[in-house]
Every structure is written in structure tokens, then in C-alpha cells.
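Okay, so here's the structure we're looking at.
The values are calculated or read from the model by the stated rules, or taken from the named source; none is laboratory data. On a predicted model such as this, the values are computed, not experimentally measured, just so you know. Cβ coordinates were reconstructed from backbone atoms using ideal geometry, including for glycine residues, and neighbour counts include every protein chain displayed. SASA here: full protein model, heavy atoms, side chains in, ligands and nucleic acids out. Shrake-Rupley method; radii C 1.70, N 1.55, O 1.52, S 1.80 Å.
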Amino acid sequence: MAAPQVPEDVLFSDLDRDVRARLRTLSKENAENVGLHLVMAGRLLDTDPELAYEHAQAAVQRAGRVDVVREAAGLAAYRTGRFAEALRELRTVRRLNGSSEHLAVMADCERGLGRPERALALADSPEAAELPADVQIELAMVVSGARLDLGEPEAAVAVLASPSVRAVTGPVAARVAQARATALEAAGRPEAAAAELAVFSPDQLAQAAGDVAEDEDDIVAFDLEDESDQQADQTGDDDAGLESDIVADGNDDEEDSGDEPADLGGSSAVRSSGVSYGAATATETEWEDEA
């Protein structure tokens, strides 16, 4: 697949400094090319996810053993409904850096593949208990949706009734309200569902549903936990290394043979991946210490 064009105004320095540091295992020229595709993937993820996916794939072809690159590929695959592919990519990210920060997205992928029981198993894993509070909220919404998939509306309501979930504020609160309303409707409680949504304006609900484009900075950050030189042996992006990763992923997911998205009734993390795309930029260029 030919790499999509990158506009001339896109700069490597638009990429978050931490992400640029992850790319230093590559040659300078290759890192800059990969970085430009990552910037585009982040910019387009909400507005044109298919094109974002193409940019992420272009980055994978050049740097398939770098965690932030595989993360970008996984999130873009998720946003385009390629759930089996997204699972493979995000599992690879976990192997590369040990982070479980995308557990909610992975669980939602299981829902998309018609496997709500696996989504619940991920939510009950030891790693889930260690997630940051905001990711646990995302996971709770996915679990509620999985309960609806299984025909358990009262359990779906109960998942979103905990004090920590009810205490959320800001844009996430509207998304939680929408998820609760969906569960309450399914439980035969339409008045309670309407009450959940009544405190929000139509614009807030539209924004929460992803129907209104947000004004966002063009700065991109694939926000992974900091790891110490774990890819130090990667002096290039050789095809053999990429092939070995893909083969390993395929062995993990032999039964993930299709990417047809299921109808994700109820709550889903699809509108919020848990990844920040608006971190402040650092203006200095990497490799500036080179002679």
C-alpha cells in the first residue's frame, strides 16, 4: 500500500517530545518520516479515521517494532472497526512496554467481535485494578455495554452506579449519562433514562456522542508509560523484525479471523480511546547533539 501524502506544513516537531524520543532507535531520516505519519494519524483519527489508518500503516511499515507506532496502528484500526487487528496491535504494545492502559479499548474490541464474555474477563483481570481512574471509567462503560450484549440490563445499570462513576465531571459525565440512559432504557425504565440526560444540553450530548467536531491542537501525543531504553537494540526498522512481530500476533489471535464490527449496543469506549492527542509541543528537534 502506497504511503499517503503528508502536507508540507506538518513538522516532526509537531510530535510530542516523548514520542520523538521513542523514535530515536531509528535513523534520523526514517524517524522523521515515521513521525510525520504519526502526526497525521493523530490529527485525522476523529475526522477521517480511514486516512488516519493509512498513515498509521505507513508508520508501521517503517518502524513496526516501536511501541508508539504499533499503538497508533491499533487505535486507528479500532476507530475503523478492524477489531481483530486492533487487538493484535494493542497486545503487541503490551509486550513491548508492559502497559495495560488500553485495556478498555481491548475489551471493547472483544465486544465488537461478538465476545462480551472476553470483555468481562479483561475487566476482571488483575491489570484492570491498577488502571488510572479515568481509564477505569472507560472500562466501566464497556462492561455495561457487555452486560447489555448478554441480555443483562440491570447488571449494566449497576456497573455505572458506583460512586466513582457517578462522581465524574466534564465531557465524560455526559458520556456516562448516555451509557446509563441506554442501560436504563433496556431495563424498562425510560423515565429514569430521560432524567439522566435532562441535565445536559443537546450540544453537550452531541459532543459526547461524537457528533460535533472538537477544536483541537494539531499536536499529537501517543501517551504511553515511560519505559527505559527497552528498544535499544533497534537500530533500524528491518522487515524481518516487523514480520516476526506480525507472526507472533497472528499466533496469539488465530481465532480472530474477521474484522466485521458487531452492532455495539449500549456503551462503548469507541468515542474515547484514552489517548491524549493534545499535549504541549516541545520545539527543539531531536538529534540536535549530533555533529
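With each label modelled as a point 7 angstrom along the Cα→C-beta vector, the Val199-Asp9 pair spans 4.0 nm.
How much length is gained if the chain between Glu130 and Arg17 is pulled fully straight, taking 0.36 nm per residue apart and subtracting their Cα-Cα distance, in nm to one decimal?
Details: separation 113, 0.36 × 113 = 40.68 nm, distance 2.61 nm.
Roughly 38.1 nm would be gained on extension.
Taking the accessible area of region 44-164, probe 1.4 Å, and keeping the other protein chains in place, the carbon and sulfur fraction comes to 51%. Largest to smallest in accessible area, the residues Phe83, Phe200 fall in the order Phe200, Phe83 (1.4 Å probe, all protein chains included).
Only four residue types carry charge here, +1 at the Cβ of Lys and Arg and -1 at the Cβ of Asp and Glu. Report the dipole size of region 9-150 about the Cα centre in Debye, rounded to the nearest 20. The partial results should precede the final answer.
Details: 19 positive and 24 negative charges, 108 e Å.
Roughly 520 debye, rounded to the nearest 20.
Sequentially through region 194-204, phi angles give Karplus couplings (6.51, -1.76, 1.60; θ = phi - 60°) of 4, 5, 4, 8, 5, 7, 10, 6, x, 5, 5 Hz, Gly and Pro residues having no value and appearing as x.
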